[in-house]
């Protein structure tokens with residue numbers, strides 16, 4: 001086997017030059033010998049580390065675990081690797097951390113989930129290496145989720161079932177993604193003639209006990225239909241209702257966002273907006289990889305996020 005053939009395969013540049021069977025044989029031999037790419041050497045040779053940042057709100061959230069797994073698979077197919085950064089809603093901290101890692105060459109590019117850049121963000125100097133998920137930045141590469149349409153469908157479904165008022169259980173994080181979801185619900189309620197009921201006290205983190213306590217306050221206030229920022233909050237509301245003998249969906253209708261596996265582990269199962277993590281991750285990795293390779297491609301990808309009707313709503 002020639003050195004050039006091995007080099008082409010291991011650098012991910014064998015397409016159209018090396019047969020698929022030969023490329024697979026080379027990878028199998030490399031794996032059996034315990035070969036792994038030297039990222040530091042590649043960075044010196046190519047000027048790129050081959051390492052992508054994945055910026056998420058909270059790595060403990062199940063959705064971001066799915067995103068990490070799917071993005072890692074997609075990155076590996078491009079001969080790239082991943083590193084995760086958590087924002088925790090603290091813009092100045094994560095933006096500077098990411099900018100430092102890009103400027104040092106540690107990261108070649110990054111995927112930013114659910115955050116918007118500050119006006120004076122140091123990351124604006126690295127715009128050509130970034131991809132934004134769900135909260136697009138004007139003029140920058142983005143994966144847009146069709147959650148506004150799904151939220152509209154959810155409110156329309158509740159209105160058709162006879163709900164004249166819908167309450168909102170908000171995620172208590174200073175994240176642009178949740179501000180956007182709430183704005184979409186406000187607009188949907190207005191379109192469908194439904195009163196939207198929101199309260200600063202109806203905000204919760206993803207901590208189970210905290211979210212359950214906030215959900216209990218909502219039940220005390222007599223809510224009958226609730227749209228939640230996230231499945232974890234919707235499941236906390238489901239839990240609080242069960243603890244108080246409130247029937248779902250007869251006495252309380254619940255809609256979440258995410259379609260986590262846990263959404264199907266409760267009874268009745270959760271009506272929710274599906275966020276397809278694998279499709280989102282693949283689109284984001286494609287965009288950032290194409291950008292790093294200098295390919296001229298569409299700068300925006302749209303991913304459908306359908307409303308999945310299950311047992312927590314009627315109709």
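The values are calculated or read from the model by the stated rules, or taken from the named source; none is laboratory data. All of these numbers come straight from a predicted model, not from anything done at the bench. Every residue, glycine as well, gets a Cβ built from its backbone with ideal geometry; the counts of neighbours run over all protein chains shown.
Quick check, is residue 203 under 25 Å from the mean Cα position of the chain (by Cα) and assigned by TED's automatic domain parsing to the domain that holds residue 287? Taking the combined requirement at face value, the residue does not satisfy it. Inspection of the range 172-188 identifies no residue that is surrounded by fewer than 17 Cβ atoms within 10 Å (Cβ to Cβ) and on the phi > 0 side of the Ramachandran plot. Look at the range 98-156 and say how many of its residues are over 17 Å from the mean Cα position of the chain (by Cα), crowded, with 22+ Cβ neighbours inside 10 Å and more than 26 Å from residue 79 (Cα to Cα). Of the residues in that region, 2 qualify.
Looking at the range 165-185, is at least one residue more than 27 Å from residue 133 (Cβ to Cβ) and touching a strand residue (DSSP E or B) at 6+ places or on another chain (Cβ under 9 Å)? Scanning the range 165-185 turns up at least one residue that is more than 27 Å from residue 133 (Cβ to Cβ) and touching a strand residue (DSSP E or B) at 6+ places or on another chain (Cβ under 9 Å).
Condition check ((1) modelled with pLDDT of 95 or more; (2) loosely packed, with under 15 Cβ neighbours inside 10 Å; (3) in contact with a strand residue (DSSP E or B) (Cβ under 6 Å, 6 or more places away or on another chain); (4) outside the structural domain of residue 292 (by TED's automatic domain parsing)) across all residues:
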{"site": "64", "(1), (2), (3), (4)": "no, no, yes, no"}
{"site": "80", "(1), (2), (3), (4)": "no, no, yes, no"}
{"site": "85", "(1), (2), (3), (4)": "no, no, yes, no"}
{"site": "90", "(1), (2), (3), (4)": "no, yes, no, no"}
{"site": "95", "(1), (2), (3), (4)": "no, no, no, no"}
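For the range 176-189, check the following and say yes or no: at least one residue is outside any loop (DSSP other than H, G, I, E, B) and over 21 Å from residue 275 (Cα atoms). Give the steps one after another, and end with the answer.
If we filter the range 176-189 for residues that are outside any loop (DSSP other than H, G, I, E, B), which is where we start, we get 176-189.
Checking which are over 21 Å from residue 275 (Cα atoms) leaves us with 189.
Yes; the residues of the range 176-189 include at least one that is outside any loop (DSSP other than H, G, I, E, B) and over 21 Å from residue 275 (Cα atoms).
Which residues, taken from the range 91-108, are in a loop (DSSP other than H, G, I, E, B) and without any contact (Cβ under 8 Å) to a residue 40 or more places away in the chain?
Applying the first criterion (in a loop (DSSP other than H, G, I, E, B)) to the range 91-108 yields 104-108.
Passing the criteria: only 104.
Checking each residue in the range 113-130 for being in contact with a helix residue (DSSP H, G or I) (Cβ under 8 Å, 6 or more places away or on another chain) and not in a helix (DSSP H, G or I) picks out 113, 114, 115, 116, 117, 118, 121, 130.
The number of residues in the range 245-271 that are closer than 21 Å to residue 206 by Cβ and touching a residue at least 24 places away in the same chain (Cβ under 8 Å) comes to 17. Within the range 69-84, being assigned to a strand (DSSP E or B) and more than 20 Å from residue 101 (Cβ to Cβ) holds for no residue.
For the condition assigned to a helix (DSSP H, G or I), at pLDDT below 70 and farther than 24 Å from residue 135 by Cβ, what is the one hit in 27, 42?
Every option except 42 fails the conditions.
Among the residues making up the range 214-242, those that are without any contact (Cβ under 8 Å) to a residue 24 or more places away in the chain and either crowded, with 19+ Cβ neighbours inside 10 Å or assigned to a helix (DSSP H, G or I) (or both) are 217, 220, 242.
Considered as a group, the residues in the range 258-312 that are part of a loop (DSSP other than H, G, I, E, B) and touching a helix residue (DSSP H, G or I) at 6+ places or on another chain (Cβ under 6 Å) include one that is farthest from residue 248 (Cα to Cα), and that residue is 297. Among the residues of the range 243-262, those that are within 22 Å of the chain's Cα centre (by Cα) and buried (at least 23 other Cβ atoms within 10 Å of the Cβ) comprise 254, 255, 256, 257, 258, 259, 260. For the range 193-212, taking the residues that are exposed (fewer than 14 other Cβ atoms within 10 Å of the Cβ) and touching a helix residue (DSSP H, G or I) at 6+ places or on another chain (Cβ under 8 Å), the one that is farthest from residue 175 (Cα to Cα) is identified as 193.
Of all the residues that make up the range 293-313, how many are in contact (Cβ under 8 Å) with a residue 60 or more places away in the chain and surrounded by fewer than 17 Cβ atoms within 10 Å (Cβ to Cβ)? Let's see the steps before the verdict.
Of the range 293-313, the ones in contact (Cβ under 8 Å) with a residue 60 or more places away in the chain are 299-307, 309, 311-313.
Okay, now just the ones that are also surrounded by fewer than 17 Cβ atoms within 10 Å (Cβ to Cβ), so 299-300, 302, 304, 306, 309, 311.
Number satisfying all stated conditions: 7.
Criterion first (over 30 Å from residue 176 (Cα atoms), modelled with pLDDT under 90 and crowded, with 20+ Cβ neighbours inside 10 Å) does residue 9 satisfy it? Against the criterion (over 30 Å from residue 176 (Cα atoms), modelled with pLDDT under 90 and crowded, with 20+ Cβ neighbours inside 10 Å), residue 9 qualifies.
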